[in-house]
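Chemist: Let me begin by handing over the structure; questions about it come next.
The values are calculated or read from the model by the stated rules, or taken from the named source; none is laboratory data. Because the structure is a prediction, the values reported are computed rather than measured. Cβ: placed from backbone, ideal geometry, glycine included. Neighbour counts: every protein chain shown.
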Amino acid sequence: MVSDVGSAPRPGRKQAPRFVAGERVQVAARPVLGHCRTPWYVRGKRGIVIAVHGRFRDPERLAYHRPGLPAQILYKVRFQQREVWPSYRGSNADQIEVDIHEHWLEPTR
């Protein structure tokens, strides 16, 4: 985890997480050129935030030798396996959890 120096919208203020545990979210379904930490198989899928890990330097910027600022809030999001893989033949109760940075998450519609 990193300090929020240079990443808060106003000096001296931390930006609160946009989402809280238990909130339904959807992963943005946008195309990507280059390095991306959000797996392609969850893009456009809906899940539930189960944890807010904290603020970390942005790995999508770090991959290009940038400082990774502003830091991004990282969430653990749970998806039903059938939401991610429609032809999944396992139990309806099976789930997958993925760590996703805030700039990839949207409120569900």
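Chemist: Taking the condition outside any strand (DSSP E or B), at pLDDT below 95, farther than 12 Å from His101 by Cβ and within 14 Å of the chain's Cα centre (by Cα), does Arg66 pass? Steps first, please.
Modeler: On the way: outside any strand (DSSP E or B): yes; at pLDDT below 95: yes; farther than 12 Å from His101 by Cβ: yes; within 14 Å of the chain's Cα centre (by Cα): no.
So Arg66 does not fit the description; no.
Chemist: Moving on to the next point. Conditions: (1) modelled with pLDDT of 95 or more; (2) of a type in the set (A, V, I, L, M, F, W, C); (3) surrounded by 15 or more Cβ atoms within 10 Å (Cβ to Cβ). Cys36 meets all but one. Number of the miss?
Modeler: If we test Cys36 against (1) modelled with pLDDT of 95 or more; (2) of a type in the set (A, V, I, L, M, F, W, C); (3) surrounded by 15 or more Cβ atoms within 10 Å (Cβ to Cβ), just (1) comes out false.
Chemist: Another question, then. Would the range 72-86 turn up any residue that is in contact with a Phe, Trp or Tyr (Cβ under 7 Å, 6 or more places away or on another chain), in a loop (DSSP other than H, G, I, E, B) and within 15 Å of Val52 (Cβ to Cβ)? Steps first, answer last, please.
Modeler: First, the residues of the range 72-86 that are in contact with a Phe, Trp or Tyr (Cβ under 7 Å, 6 or more places away or on another chain): 72, 74-75, 81-82, 84.
The next check asks that each one be in a loop (DSSP other than H, G, I, E, B); those that pass are none.
No, the range 72-86 contains no residue that is in contact with a Phe, Trp or Tyr (Cβ under 7 Å, 6 or more places away or on another chain), in a loop (DSSP other than H, G, I, E, B) and within 15 Å of Val52 (Cβ to Cβ).
Chemist: Here are Gly54, Gly68: which of them is surrounded by fewer than 14 Cβ atoms within 10 Å (Cβ to Cβ) and on the phi > 0 side of the Ramachandran plot?
Modeler: Numbers: Gly68 fails: surrounded by fewer than 14 Cβ atoms within 10 Å (Cβ to Cβ).
Unique residue meeting the criteria: Gly54.
Chemist: Do we have any residue at all in the range 46-60 that's farther than 16 Å from Pro107 by Cβ and of a type in the set (Gly, Ala, Ser)?
Modeler: Yes, there is a match, as at least one residue in the range 46-60 is farther than 16 Å from Pro107 by Cβ and of a type in the set (Gly, Ala, Ser).
Chemist: Looking only at the range 71-98, count every residue that is under 17 Å from the mean Cα position of the chain (by Cα) and either of a type in the set (A, V, I, L, M, F, W, C) or more than 14 Å from Ala21 (Cβ to Cβ) (or both) and tell me the total. Before you say what the answer is, go through the steps one by one.
Modeler: Going residue by residue through the range 71-98, those that are under 17 Å from the mean Cα position of the chain (by Cα) are 71-80, 83-84, 95-98.
Among the residues that remain, those that are also either of a type in the set (A, V, I, L, M, F, W, C) or more than 14 Å from Ala21 (Cβ to Cβ) (or both) are: 71-74, 77, 79-80, 83-84, 95-96, 98.
Going through the range 71-98 one residue at a time, the tally reaches 12.
Chemist: List, please: which pairs have Cβ atoms under 6 Å, are six or more places apart or on different chains, and start with a residue in the range 16-43 that is in a loop (DSSP other than H, G, I, E, B) and end with one that is among the basic types (Lys, Arg)?
Modeler: Ala29/Arg43
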